[in-house]
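Below is one structure, written out as structure tokens; the observations come after it.
Bear in mind that the values in this text are calculations on the coordinates, not laboratory data. All figures in this text were calculated on a predicted structure; none of them were measured in a lab. Note that we place each Cβ from the backbone using ideal geometry, even for glycine, and neighbour counts take in every protein chain shown.
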Amino acid sequence: SEEQLKKLKGVVLEGLVPSSEDDLLLANGLNYNVVLKWGDQLTNKDTFGFNNDFTCFIPFDEKKPNDGLLWVNHEYANPLFVAGFNFNAIENPLEQRTKEQVDKEMYNVGGSIARVKEENGVWKLVQNDPHNRRITAQTPIKLNWDTPIKGKTEVIGTHSNCSGGITPWNTFLTCEENYQDVFGDTLYDDDNNPINAPSILGWEKFYDYPPEHYGWVVEVNPKDGSAQKHVALGRFAHECCTLYELEDKRIVAYSGDDKKDEHLYKFISSKPRSLKEGTLYVADTVNGKWLALDWENEPILKNKFKDQTEVLVRAREAAKLMGATPLNRPEDIEIDPITGNIFVSLTNNKNRNDYHGSIMKVEETNGKFDALTFKASTYKAGGEENGFSCPDNLAFDLSGNLWMTSDMSGDAMNKKDKPYMPFKNNSLFVIPRYGKDAGKVIRVASAPRDAELTGPWFSPDGKTLFLSVQHPGEQTKDLNNPTSKWPFDQDGIPKPAVVAIKGDLIEKMNLLNKIEL
Ligand code: FEO
Ligand code: CA
Ligand code: CA
Ligand code: CA
């Protein structure tokens, strides 16, 4: 309305300065409420897990954007918080681990489905809704593949769920990232002999679950919580999975391997809406080529691996044999809704003296998502000049402004790692597409101490930004003296939580393409 536009005209996009304050600070014109936090009772038996990351909201009815199902990833569980086990204070911690502790940690990872509803501008959990459920590290999950992996076609659990995506048929994708921390990994020496690499968390002491069952893209049906792991998309530290549906309904899926010097992948399906039939490619960003990881047609792969299943399980090695370009930790990926360009966060790579990372732009040849050639360039570099460091999650709003979060790790901040000091707490930024600030990086939210802001996701009407506040107080060594108190509960214990951000500033940003405000 005229009135509303007049009001929005007065809203100024004014960035925050870097802050060390232990609070979730928002720019003028934004407000938030906590929707879900660690330990919240979803049902009489299930509670909301720890360290929420990716969020994805699907309304029951497109015409009613304020009632639907929220998926939330629970990436990892801090043993001190969920099981009272202090890794830092114990000598030989792995020897002291108990099954009871590990069980608590296993319960607190995976994901949550929660019905959430907005009433009078406040988003709330609908407690005990029949859709509410947990998926944990103990939930049986099918492999969407015909050849068993380590003898199984159904595996136990999902964990390390970092970012994710949504499918055109409205299911959730949740991606298994640093799986090696949990049950270790199988590495191979120069003679192709397997070596067991131990995990950091030591879960393998109590559960003999093969590492090969993790590191996949997992699809979850919101309606009944059934899940499957998509082997065809390859096994690596998947940060996210971003889908595009071609006119003939074949699917293109982009995913990055968030590890130093690992790669960017895309899967192109050969059948409509399939995440099983098709070819996995890996990026040579220097020559702008998508290289097929195709055992049948690549002698170099045939020579090393026994079949296509092994190529997918050992995708990293296959990618290197094919000549893929090592990247500076590819994180989240989003497709620009206006140009169709693909944006990839490269968070950092200290091995290559890249402390601040960058956002890479991928332009597929002739704008075709199933092209086998492309051009890669740097869209925006991190560093003091642009006011951000270590880009991680990305999200486009309705008018094509790019929102971005930063992930300077707790260790980096804590050791007073010099390059990161000017940026202070991790933050949420927006890069406006239009107007006088177009292309500038503007800080719009600042995280509580030790926290990272993750999982930005806009409601379909663009009016709400769901955001995770992950690991506040992560550096805590003693629960009686935590390094953060956010969200300021009476018990004084910091808790990861999902917030809903609203306000005139979001409404204005969403209208930037329609009307000059
Ligand atoms: Fe879990 Fe790549 O961040
Ligand atoms: Ca991430
Ligand atoms: Ca995203
Ligand atoms: Ca990260």
- Ranked from highest to lowest mean number of other Cβ atoms within 10 Å per residue, what is the order of the peptides 69-77, 490-498, 336-344, 298-306? 69-77, 490-498, 336-344, 298-306
- Message: Among the listed pairs K350/K502; K7/K463; K260/K463, which have their C-alpha atoms separated by more than 26 angstrom in this model?
- Response: K350/K502; K260/K463
- Among Y214, Y355, which comes first, second and so on when ranked by fewest other beta-carbon atoms within 10 Å? Y355, Y214
- Task: Pull out the extension gain between A381 and I195, defined as 0.36 nm times the separation in residues minus the alpha carbon to alpha carbon distance; nm, one decimal.
- Result: 63.2 nm
- Message: Just want the ordering: T279, T365, from fewest to most Cβ atoms lying within 10 Å of their own Cβ.
- Response: T365, T279
- Item | Coil-residue GluC sites (Glu not before Pro) of the range 203-258, DSSP, other Cβ within 10 Å capped at 11 | E247
- Which ³J(HN,Hα) values, rounded to whole Hz and listed in residue order, are derived for the range 476-487 from phi using the Karplus coefficients 6.51, -1.76 and 1.60 in 6.51 cos²θ - 1.76 cosθ + 1.60 with θ = phi - 60°, glycine and proline given as x? 4, 10, 9, 5, 6, 9, x, 7, 9, 10, 4, x
- Item | Rounded to whole Hz, the Karplus (6.51, -1.76, 1.60) HN-Hα couplings of the range 144-151, x for glycine and proline | 7, 7, 8, 8, x, 10, 6, x
- Rounded to a whole number, the Stokes-Einstein D of the chain in µm²/s (Kirkwood radius over Cα pairs; 37 °C; 0.692 mPa s) is 141 µm²/s
